[in-house]
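The values are calculated or read from the model by the stated rules, or taken from the named source; none is laboratory data. On a predicted model such as this, the values are computed, not experimentally measured, just so you know. Neighbour counts are summed over all protein chains in view; Cβ atoms, including those assigned to glycine, are modelled from backbone coordinates with ideal geometry. Surface accessibility is based on the protein's heavy atoms, side chains included, excluding ligands, DNA and RNA. Shrake-Rupley method; radii C 1.70, N 1.55, O 1.52, S 1.80 Å.
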Amino acid sequence: MLDQRFDPAEAEPRLYKAWETKGCFKPSGNPDAEVYSIVIPPPNVTGVLHMGHALNNTLQDILIRFERMRGKNVLWQPGTDHAGIATQMVVERQLAEEGNVSRRDMGRDAFVARVWEWKEQSGGSIVNQLKRLGASCDWSRERFTMDEGLSKAVTKVFVDLYNKGLIYRDKRLVNWDPHFQTAISDLEVDQREVNGHYWHLRYPLADGVTYEHPVKDEDGNVTGTETRNYIIVATSRPETMLGDTGVAVHPEDERYKGLVGKFVELPIVGRRVPIIADEYANPEKGSGAVKITPAHDFNDFQVGERAGLAKLNILSAVAAIVDGAEADAAGIPADYRGLDRFKAREKVIADFEAAELLDHIENVKIEQPFGDRSNVVIEPWMTDQWYVDAKTLAQPAIAAVREGKTKFVPENWEKTYYNWMENIQPWCVSRQLWWGHRIPAWFGPPSDDEGCRSKTSGPFRIFVAPTAEEAKAQAEEFYKCRVNLGPDNTVGYRADQPVGPGNRYTEVDLQHDEDVLDTWFSSALWPFSTQGWPDQTDDLKTFFPTATVVTAFDIIFFWVARMMMMSLEFMGEVPFRDAYIHALVLDEKGQKMSKSKGNAMDPLDLINEYGADALRFAMSRLAGQGRNIRLSKQVVEGNRNFATKLWNAARFAEMNECGAPACIDFPTVESPVNRWILSELSTCIADVTKGIEDFRFNDAAGALYKFIWNTFCDWYVELIKPLLGGMDDGAKSETRQVCGYVLDETLKLLHPFMPFVTEELWERRATGRTAEQGFLMMQQWPAFTGLHDKAASDEINWVIDLITEIRSLRNDLDIPAGTKVPFALVNAGDEIEARAMRHEDVLKRLARLEDIAITDATPAGAVTLVFGDTVTALVIADLVDIDAACKRLDKELAQLDKDITSTEKKLANADFVARAPEEIVEENRERVRDWTARREKLRAARKGLEGL
RNA sequence: GGGCGAUUAGCUCAGUGGUAGAGCACUGCCUUCACACGGCAGGGGUCACAAGUUCGAACCUUGUAUCGCCCACCA
């Protein structure tokens with residue numbers, strides 16, 4: 001006997017373990033079956049399950065369980081991502097808490113060993129959390145982006161791209177994160193609006209130059225000019241003036257035209273820098289004159305390139321402090337050395353103020369770049385980094401989507417994809433971290449006879465190879481001398497080797513690049529690196545390309561686009577046929593959930609409280625395409641209630657011995673109610689199947705909710721109670737079979753969404769089921785082989801409508817629920833009378849009727865109920881509230897009058913009749929006929945009431 | 001600055017040319033033998049606004065307003 005409720009806390013872990021132990025998550029390996037594979041978006045190894053993961057993996061699990069039940073050879077490939085910055089951060093924090101030495105004191109090898117240790121001990125707890133959610137990944141194949149195999153793939157891709165000229169080293173401005181002390185890619189920078197200032201600084205003009213500057217009154221009208229021996233520039237970052245190498249004005253700006261070609265004398269550093277004309281200067285912004293710091297600003301960099309200005313690094317590349325070799329050349333005073341950039345800012349302002357060169361300060365909101373993980377202001381920096389030629393790789397990736405080889409769902413994300421891909425910038429892939437894939441590049445001294453492969457050649461000769469030994473061999477071949485592999489952790493290279501005859505070195509030390517690759521570089525290979533590439537494994541042949549990738553829109557650029565590029569380059573194929581882009585999970589107010597806002601809901605809390613099924617179904621029902629999901633506790637609770645409802649339906653079945661039938665011979669089913677529910681089931685199967693196929697999870701879940709609660713529980717169960725309690729053994733047996741069958745089929749349909757409660761019920765309903773049939777999750781997906789019996793549907797819908805009408809009337813007339821009322825059909829006709837008699841028990845039971853009489857005249861003291869246009873039925877009651885009955889009729893009559901009038905008006909319109917499709921016109925005519933007939937009957941009933 | 005999306009019942013959202021829908025919340029009744037995590041019955045909307053196309057518009061077109069998000073080099 002089933003308990004009154006499902007206990008998820010007890011059942012879910014037990015069921016999950018049973019599935020996993022029995023190997024249910026492994027691919028079937030059936031060579032005749034179609035293959036269906038998904039690679040999980042690898043969560044960070046440091047990650048904890050959040051709502052986004054919960055949604056993302058629920059949707060994948062639905063697809064996976066669905067296709068598995070459809071008999072496909074299914075693989076859901078799991079794994080985690082080494083997450084360079086995040087992981088390094090976690091371990092460094094741990095070191096600090098334990099009072100240990102810092103990473104730098106520890107040294108690279110020891111630190112990396114320590115991270116691995118952390119990973120083995122505490123990494124990947126998210127895997128267990130995914131199991132709580134019910135994710136049916138094949139964990140025996142779990143991968144990690146820093147596995148040996150995946151690292152091999154990463155190295156190969158880097159080397160190959162380098163050899164193809166698609167990876168190169170370049171010195172240009174990068175987004176420098178001063179907190180983590182590494183370069184980051186454009187995507188890892190968030191623009192945030194903050195309260196800031198424009199400092200309007202006076203730069204004295206050199207060589208005694210002066211000019212006339214317009215003076216404005218308070219209303220902005222020019223009232224005259226004043227003579228100035230300075231030019232004003234506005235800046236939100238005053239400290240960068242230390243690295244200024246120019247001042248730009250717009251060529252058409254009348255105010256400054258005369259100053260182009262002149263110089264300013266830069267305060268503090270005393271450097272002469274030119275005033276140049278450049279269209280970048282916007283006369284409307286600030287003072288119209290803009291200071292140019294090419295080494296610390298992306299715009300200025302380009303202006304500097306055009307004007308041939310020097311690029312002076314004034315901040316140290318180790319921390320955001322004023323330092324570095326070039327600071328000397330820039331003439332920066334000694335008391336600025338070692339100052340933090342913001343301290344330097346204060347000092348610059350103070351110095352300007354002291355020199356009476358600070359014109360004024362303006363309070364403004366400014367957009368500032370922040371590191372998305374560090375949350376500190378990004379410093380644009382001139383450094384040598386590795387870049388991927390994304391523009392070249394993007395072309396086939398764009399074409400593949402245009403040709404429909406990969407489809408985005410919903411389609412509108414293709415625009416976002418194109419937009420980004422068509423404007424893609426070089427991808428900076430080197431990171432100054434220790435945790436990650438070390439870049440397979442070795443530096444040697446430059447040679448005179450051949451420049452190195454980087455765009456700006458720099459002082460290095462670069463050897464890129466899969467292993468140090470191969471790099472060494474390359475170098476020996478190149479230098480024609482002895483080559484040593486330099487020790488790790490030494491910065492730079494030894495170019496101080498003696499040069500021999502013929503301008504050749506006699507001995508060379510190679511230094512392994514210190515940097516590691518962007519984490520997303522390895523993620524981009526995930527669909528094929530997890531399957532054994534670069535080896536041509538069976539898994540690779542079987543499961544690549546994958547069917548679908550499921551991810552949130554904020555990952556399109558980071559991951560989806562890059563998988564497309566890498567996959568097309570190295571596999572010559574798209575990595576997935578469909579990219580399903582789902583929404584973000586927001587809180588009930590539509591705010592993005594975040595720890596700092598304190599509005600984050602923990603999926604594990606919800607799972608503990610309501611069960612994983614409830615959370616999964618809640619999200620599925622809300623997962624409409626193109627919509628964000630607003631989740632609240634209340635919604636999850638509602639879906640837990642749904643699970644209880646299903647559970648109790650099964651309990652009802654159990655009490656009434658509705659077991660699991662071996663099979664149903666549909667054509668032999670006799671009872672209309674059973675034929676009706678089988679028809680409804682067919683429709684439900686079609687809707688759910690189509691819904692999942694089309695990634696319309698909310699439609700599929702909605703169809704199930706409606707079928708189970710409204711159709712099965714509210715009506716079918718009630719309608720069959722008389723049959724189950726009746727004397728007709730044939731009907732009873734048939735009903736038990738059909739009820740059991742429909743319930744079992746429903747469990748299958750619901751299983752991808754609510755795997756636990758359905759599996760539990762399947763097991764508990766095992767009576768009559770053979771052991772070999774096994775788990776519900778391994779059952780075959782229901783096919784559309786039920787039946788569609790229109791006559792049965794018409795009949796049962798008639799019964800349902802009649803019961804509803806009578807209940808409504810009873811309610812309006814305040815007839816107590818317990819009171820049984822006599823009921824009569826008046827001149828209803830043979831067919832209707834027969835139908836009513838067939839369902840006499842049900843009608844009496846559900847409408848709470850005393851009896852059903854067949855008459856040809858309205859009984860005395862009765863209230864008539866007009867049901868449909870052919871049936872006149874009536875309710876007899878001793879104490880009827882006449883006023884209430886009249887009111888009810890009047891209300892409906894008023895509505896009918898309104899409807900009839902407006903429809904008649906429509907039909908009187910010649911254009912409508914002439915141009916609208918015939919069936920629409922006929923539909924309207926029929927409507928008027930029905931309504932008019934009904935109105936006549938209602939009017940008669942109204943008259944009858946007045947006589948009481 | 002560019003792009004995308006949204007605006008339908010108190011709330012969350014379906015509905016893409018033919019009589020406005022669901023869930024939750026709300027109101028009333030009901031401890032009826034699967035379920036009070038329940039049942040039955042209700043109330044509640046000029047479909048943001050304006051113009052246009054059409055016999056007919058929540059739906060198509062254009063514009064406006066408000067909100068949200070993404071991208072973009074921080075004077």
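Between A:W442 and residues 5 or more places away or on another chain, which pairs have amide H atoms under 5 Å apart, with H built 1.01 Å from N, and which residues are they?
A:F463, A:V464, A:A465, A:D513
First measure r as the distance between the Cβ atoms of A:R337 and A:E97, then evaluate 1/(1 + (r/R0)^6) with R0 = 30 Å and state the FRET efficiency to the nearest 0.05.
After rounding, the FRET efficiency stands at 0.35.
When the accessible area of chain A is split by element with a 1.4 Å probe, what percent falls to carbon and sulfur?
Answer for chain A is 48 percent, counting heavy atoms of protein chains only.
With each pseudo-label sitting 7 Å past Cα toward Cβ, what's the A:V48-A:S733 distance in nm, one decimal?
6.0
What ranking do A:165-176, A:204-215 get when scored by the average of other Cβ atoms within 10 Å per residue, highest first?
A:165-176, A:204-215
Mind listing the long-range amide H neighbours of A:T506? Cut-off is under 5 Å, sequence gap 5 or more, other chains count too, H placed in the peptide plane at 1.01 Å from N.
So A:T506 has HN proximity to A:G500.
Taking chain A as the reference, fit the longest principal axis to its C-alpha atoms, fit the long axis of helix A:468-479 to the helix C-alpha atoms, and give the angle between the two in degrees, 0 to 90, nearest 10.
In chain A, helix A:468-479 runs at an angle near 40 degrees to the longest axis.
With unit charges on the beta carbon (Lys/Arg positive, Asp/Glu negative), name the residue among A:M619, A:A910, A:G134 whose Cα is farthest towards the positive pole of the charge dipole of chain A.
A:G134
For A:A552, enumerate residues with amide H under 5 Å from its amide H, sequence gap 5+ or separate chain, H modeled in the peptide plane.
A:H582
Restricting to chain A, compute how many DSSP beta bridges are antiparallel as a %, nearest 5.
Of all bridge pairs located within chain A, approximately 70 percent are antiparallel.
Quick check on chain A: helices-only [θ] at 222 nm, where DSSP H runs of length 4 and up contribute -39,500 (n - 2.57) each and the sum goes over total residues. Nearest 500, please.
Roughly -13000 deg cm²/dmol at 222 nm, from the helical runs in chain A.
Can you give the FRET efficiency to the nearest 0.05 for A:A834 and A:E693, using r as the Cβ-Cβ distance and R₀ = 45 Å?
Computed FRET efficiency for A:A834 and A:E693 comes out at 0.60.
For A:T245, what accessible surface area do you get with a 1.4 Å probe? Give it in Å², rounded to 10.
Using a 1.4 Å probe on the heavy atoms, I get roughly 10 Å².
How much length is gained on full extension from A:A910 to A:E469, taking 0.36 nm per residue of separation minus their Cα-Cα distance?
Numbers: separation 441, 0.36 × 441 = 158.76 nm, distance 8.98 nm.
Extra length available between A:A910 and A:E469 comes to 149.8 nm.
How much area per residue is accessible in chain A when the probe is 1.4 Å and only protein heavy atoms are counted (Å²)?
Dividing the accessible area of chain A by its residue count gives 44 Å².
What is the calculated FRET efficiency for A:I882 to A:R925, with r their C-beta to C-beta distance and R₀ = 35 Å, to the nearest 0.05?
About 0.45, to the nearest 0.05.
For region A:35-48, take each phi angle, set θ = phi - 60°, evaluate the Karplus expression 6.51 cos²θ - 1.76 cosθ + 1.60, and give the result in whole Hz per residue in order, putting x for glycine and proline.
8, 9, 9, 9, 9, 5, x, x, x, 4, 5, 8, x, 10
With a 1.4 Å probe and all protein chains in place, put A:E922, A:E117 in order of accessible area, largest first.
Largest to smallest exposure gives the sequence A:E117, A:E922.
Would you be so kind as to identify which of A:M382, A:I685, A:A583 lies farthest towards the positive end of the dipole of chain A, taking Lys and Arg as +1 and Asp and Glu as -1 on Cβ and the Cα centre as origin?
A:I685
HN-Hα J couplings of region A:931-940 from phi, Karplus 6.51/-1.76/1.60, θ = phi - 60°, integer Hz, Gly and Pro as x?
With coefficients 6.51, -1.76 and 1.60, one gets 5, 5, 4, 5, 5, 4, 5, 5, 4, 4 Hz.
In nm², what is the average projected area of the convex hull enclosing the Cα atoms of chain A?
Mean projected area for chain A: 55.8 nm², to one decimal.
Could you check the spin-label model distance between A:E193 and A:V215? Points 7 Å from the Cα along Cα→Cβ, value in nm.
Using points 7 Å along Cα→Cβ, the separation is 3.6 nm.
Quick one: putting +1 on the C-beta of Lys and Arg, -1 on the C-beta of Asp and Glu, what dipole do you get for chain A around its Cα centre, in Debye to the nearest 20?
Dipole about the Cα centre, nearest 20: 500 debye.
Using 7 Å Cα-to-Cβ label points, what is the A:Q895/A:T225 separation (nm, one decimal)?
8.2
Taking chain A as the reference, fit the longest principal axis to its C-alpha atoms, fit the long axis of helix A:108-122 to the helix C-alpha atoms, and give the angle between the two in degrees, 0 to 90, nearest 10.
Once rounded, one gets 10 degrees.
How would you order A:716-727, A:403-414 from highest to lowest mean count of nearby Cβ atoms within 10 Å?
My ranking of the peptides, most packed first, is A:716-727, A:403-414.
Which order do the peptides A:51-59, A:681-689, A:340-348 come out in when sorted by mean C-beta neighbours inside 10 angstrom, highest first?
Details: A:51-59: 24.7, A:681-689: 20.9, A:340-348: 18.0.
Per-residue Cβ counts within 10 Å, averaged per peptide and sorted highest first, yield A:51-59, A:681-689, A:340-348.
Residue by residue, what Karplus-based ³J(HN,Hα) values in Hz, rounded to whole numbers, does region A:168-180 have, using 6.51, -1.76 and 1.60 with θ = phi - 60° and x for Gly and Pro?
Listing the rounded values in order: 8, 9, 8, 9, 7, 6, 10, 7, 9, 9, x, 6, 8 Hz.
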